[in-house]
Amino acid sequence: MRSTRAGVATAIMVLPATVLYAVMLVVPVGLALYLSLTDWDGFSASPSLVGAANYADLLVDPDLRRSAIVTLLVAAVGTAGLNLLGLGFALLVNGASRANSFFRMVLFYPHVLSALVVGFLWSAILGTTGAVNSFITTRGGEVLPFLSDPTWATITMIAVLVWAGFGVNVVLYLAGLQAVPAALVEAAEIDGATRWQVFRNVTLPALGPSVTVNIVLSLVTLLKTYDLVVSLTAGGPAGQTQTVAYLILWNSFHDARLGFGSAQSVVLMIVTAALAFVVTRLRRRGEMAVHQ
Amino acid sequence: MNRYARLVFLSVSALFMLVPLYVLVVNAFKPQQDILANPFGLPVEGLTLDFLAQALDNPQFNIFRGYAVTLLFVVAVNVLSVVLAGPASFVIARSPRRRYRLLMLAFLAGTFIPSQVLVIPVVYVLKTLGLMGTIQGFVLFETVLTLPFSIFLYAGYISTIPSTLDQAAAMDGAGRLRTFWQIVFPLMRPVVATMIILNTFSVWNDFVNPQIILGPGSGLYTVTTGVYAAVSQYSTDYTVVFPTLLLAIAPLLIFFVFMQRHIISGLTAGATKG
C-alpha cells in the first residue's frame, strides 16, 4: 500500500515534465526528419512523401551555397574575434576592484539586449543615412557603405556580433583564470620569465579547458545566427548576409516550403554537432600534447 | 602594459561599447532633422519628448501592452518551468535507478538542440494539438525549452543537499511531494534564482518563437515582435526607431544595472548550455 502511494507520488513528480518534453522536443526532432522527406507547405494536414528530393535540392540550391559560405565565414571569423577579445579583456579586467567590475559590466551589457534590438540599433548607426554617415556627409565626406556593399555588410555583421557577444567570453575566461595556479605563475616570474612567457607557458596551458568551452560555444552560437540578420541587414544587400538559419526560416515561412526548410534544419543540426565534436577532440589532443 | 596604459585602454574600450547606447538615448529626444544634422550631439536645442510620446502611443504596437504580454509570458514560463522541473529533478537526483539516469541523459541531450531547428516541426505538433497561434501553445513550448538546462542544474544542486534531510522528513510522515516542496525546495533558492534570471532574459528577448508561433495574425505582440512590427518598415524614420528601441530595452537595462552580478553569473551559466 505504502509503496503504491510512493509510486504514485513519484509519477506525479516525473511524468508531467517527461511527457511535455517528449511531445514538444523529442517528437519534433523525429518529425523534422520525417518532414524533411515531404513537401509540407505548413497548411496541408497530410504532406506527401517526396523521398530525398529536398536533400537533392539542397546540393544544387545556389542561395544555400552562398549562405553556407557566409555562415561558415561568420562562424570562423566571429569565433576568432570573440575569443581574442574575450581572453584579452579577461586578462585586463582580472582581479577584484571597483574599476574592474565597472568595466566588466560595460563589456557585458550588450548581451542583455535582444539581438533584434542590437541589429536595429547598429543599422540606425551604420546605415546609409545612419548616425555615422550623416556625421560624415554633413561635413562634406562620402557615404561609407557599411551595410550597402556586400563585403562591407558581411564584415559589419561579424563586427556587430563580436561587439554584442564577447562580454560573455570575458566572463567565461575570467572564471577560467581563477583556476590558474598562482604559485605556478609566481615561480615562473621568480625564474625570470617575461610576461609573455608566463602567459604562453603557464597561463594559456592552464586555461586549456576554458579555451575549448569558449570556442565550441562561440561556434555553436554563431552557426545559428538569425535575429541579428533580420534587424541589421534583412539578409541584404542582394542576399549576401543571409545566414543558413535565416534561409531556413525564409524558405519555410515566406516561401511555404517547410519540407525543404526541415531538410536544411537537419543538416544544420548535424553540422553543428559535428563541428562541436571535432573542435573538442582537436583541442583535447592539443592539450595532451602540451602536457607531455 | 603599465597601470595607466591599462586604464586608458580600458576606458577607450568602454567608451566604444557605450557609444551605441549614447546615440540611442540622445536621439530619442530629437526631431529627425536634428538627428541627421548632428547625430552625436546632445539634444540641447531641439529637445523634445514628442517622439517618445508617439512611440508610447504607436497604433501599430502599444508598448505598454507589449510589456504586459511579455511579462505575463515571463511569469508563466518561470512558474511552469519550476513546477515541472523541480520535482522531476528531485526524483532524478535521489534515485539510483537506471531508468532515471537514462531520463537525465534524455533531458541533457535536449540542451544541444537549437530551437530554430525545432520551430518547424513544433508548428506541426501545435497545429495537430490545436494550440498553434495560442498563448498556451507558446508558453508550453517556451517552457519545454527551459526544461533540459533547469533539470541539469537542479539535479546537480539537489545532489549536494544531504539526503538525511529527506529521510528525517519521511520519518515524520511527510510524503515525497511534501518533502520536496517543504524541505528541499526552500534550500534551492540560489539555483532557482539563476534559472529565473536566465529564463526571464531568454523569454523577453526571444524573437523567432513568438513571431512564428503567435504570428502577426494573433494580434499578440511581445516586446521583440512589437519592435519588429514598429521599426522594420520605418527603419530610416529615426524618430520612430530610437524612441521605440529605447522603450524596448529600458526595463531590462535598469534590471541589469541593479542586479548585474547575479545577471552576469546567471546568463554566463546559461551561455554554457550552448
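The values are calculated or read from the model by the stated rules, or taken from the named source; none is laboratory data. Quick caveat, the model's predicted, so the values are computed rather than measured. Cβ sites come from the backbone with ideal geometry, for glycine too, and all protein chains shown count toward neighbours. Accessible surface areas use protein heavy atoms only, side chains included; no ligands, DNA or RNA. Shrake-Rupley method; radii C 1.70, N 1.55, O 1.52, S 1.80 Å.
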Review point. Using the heavy atoms of the protein chains alone and a 1.4 angstrom probe, what is the accessible area of the range B:63-271 per residue in square angstrom?
Key: 40 Å²
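State whether chain A is rounded, prolate or oblate according to the following rule on the C-alpha gyration tensor (a ≥ b ≥ c being the square roots of its eigenvalues): a/c under 1.5 gives rounded; otherwise a/b larger than b/c gives prolate, and the remaining case gives oblate. Write down the numbers at each step before the final one.
Working: a/c = 1.92, a/b = 1.17, b/c = 1.65.
Cα axes put chain A in the oblate bin.
What shape does the range B:160-248 have by the C-alpha gyration tensor, where a ≥ b ≥ c are the square roots of the eigenvalues, rounded means a/c under 1.5, and otherwise prolate means a/b greater than b/c and oblate the rest? It would help to have the intermediate numbers written out before the result.
Numbers: a/c = 5.87, a/b = 3.30, b/c = 1.78.
Prolate shape, in that a/c is at least 1.5 and a/b is the bigger ratio.
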Review point. If the convex hull of the alpha-carbon atoms of the range A:136-292 is projected onto planes in all directions, what is the mean projected area in square nanometres?
Key: 13.9 nm²
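Looking only at other chains, what is the average number of their beta-carbon atoms within 10 angstrom of each beta-carbon in B:138-145? Display every interim value, and only then the final one.
Working: counts 0, 0, 3, 4, 1, 4, 9, 2.
Whole-number average of other-chain Cβ neighbours for B:138-145 is 3.
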Exercise for review: Just tell me how shielded A:124-135 is by partners: mean number of partner chain Cβ atoms within 10 Å of each residue's Cβ, no decimals.
Suggested key: 6
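For chain B, what % of the accessible area comes from carbon and sulfur atoms, probe 1.4 Å? Intermediate values should be presented prior to the final figure.
Numbers: 8180 of 12350 Å².
Using a 1.4 Å probe with all protein chains present, chain B comes out at 66 percent carbon and sulfur.
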Point to revise | Within the range B:12-34, backbone nitrogen closer than 17 Å to the virtual label 7 Å beyond the Cα of A:Thr138 toward Cβ | key: B:20, B:22-34
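Could you size up the charge dipole of the protein assembly as shown around its Cα centre, putting +1 on the beta carbon of Lys and Arg and -1 on that of Asp and Glu, and report it in debye to the nearest 20? Walk me through the numbers before you get to the answer.
Details: 30 positive and 22 negative charges, 415 e Å.
That gives a dipole near 2000 debye.
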Check your understanding: Separation between the B:Leu47 and A:Phe102 pseudo-spin-labels, each 7 Å from Cα along Cα→Cβ, expressed in nm?
Key -> 2.4 nm
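Before I look further, what does chain A give for accessible area per residue, probe 1.4 Å, in whole square angstrom? Present the calculation step by step, with values, prior to reporting the outcome.
Details: 13340 Å² over 292 residues.
Per-residue value: 46 Å².
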Revision key, fill the gap. Mean accessible area per residue over the range B:3-48 (1.4 angstrom probe, all protein chains present, square angstrom) is 55 Å²
**Study point:** For the range B:115-274, alpha-carbon Rg relative to the globular expectation (2.2 N^0.38 Å, N residues)
**Key:** 1.32
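Calculate the FRET efficiency for A:Arg285 and A:Leu204 from the Cβ-Cβ distance with a Förster distance of 22 Å, rounded to the nearest 0.05. Can you show the working numbers first?
Numbers: r = 16 Å, r/R0 = 0.73.
Step by step, r from the Cβ atoms, then E = 0.85.
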Check your understanding: How much of the accessible area of the range A:173-292, in percent, comes from carbon and sulfur atoms when a 1.4 Å probe is used?
Key -> 64 percent
**Study point:** Leading residue at positive end of dipole, the protein assembly as shown (Cβ point charges), from B:Pro114, A:Trp152, A:Thr225
**Key:** B:Pro114
Exercise for review: Give, as ranges by residue number, the residues of the range A:89-113 whose backbone N falls under 13 Å from the point 7 Å along Cα→Cβ of B:Phe9.
Suggested key: A:89-94
Review point. Toward the positive end of the charge dipole of the range B:63-271, about the Cα centre and with charges on Cβ (Lys, Arg +1; Asp, Glu -1), which of B:Tyr124, B:Asn205, B:Leu102 goes farthest?
Key: B:Leu102
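Within a 10 angstrom radius of each residue's Cβ in B:6-17, how many Cβ atoms of other chains show up on average? Whole number is fine.
On the way: counts 4, 3, 0, 2, 9, 3, 0, 8, 6, 1, 2, 11.
If you average over the peptide's residues, the count of other-chain Cβ atoms is 4.
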Review point. Given only helices, namely DSSP H runs of n ≥ 4 each adding -39500 (n - 2.57), what is the per-residue ellipticity at 222 nm of chain A, to the nearest 500 deg cm²/dmol?
Key: -22500 deg cm²/dmol
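Which of rounded, prolate or oblate describes the range B:110-204 when judged by the alpha-carbon gyration tensor and an a/c cut-off of 1.5?
Details: a/c = 2.90, a/b = 2.13, b/c = 1.37.
It is prolate, given that a/c is not under 1.5 and a/b is the larger ratio.
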Point to revise | Selected from A:Thr10, A:Gly141, A:Ala56, residue furthest toward positive end of dipole (chain A; charges at beta carbon) | key: A:Thr10
Revision key, fill the gap. Output for the protein assembly as shown (equivalent-ellipsoid semi-axes, sqrt of 5λ from the C-alpha gyration tensor, Å, descending) is 38, 32, 26
Revision key, fill the gap. Ordering A:202-208, A:276-282 by per-residue average of other C-beta atoms within 10 angstrom, highest first, gives A:202-208, A:276-282
**Study point:** Over chain B: helical MRE at 222 nm, DSSP H runs n ≥ 4 each giving -39500 (n - 2.57), nearest 500
**Key:** -23000 deg cm²/dmol
**Study point:** Helix B:189-205 vs. chain B, principal-axis angle (Cα, 0 to 90°, nearest 10)
**Key:** 40 degrees
Review point. Using protein heavy atoms only (no ligands, DNA or RNA), what is the total accessible area buried between A and B, 1.4 Å probe, nearest 100 Å²?
Key: 7300 Å²
Review point. Sorted by mean Cβ packing within 10 Å, highest first, what order do the peptides A:264-274, B:48-58, A:80-90, B:198-208 take?
Key: B:198-208, A:80-90, A:264-274, B:48-58
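Over chain A, what relative contact order in percent results from Cα pairs under 8 Å that are six or more residues apart? Write out the running numbers ahead of the final one.
On the way: 332 pairs, mean separation 83.4, N = 292.
For chain A, the relative contact order is 29 percent.
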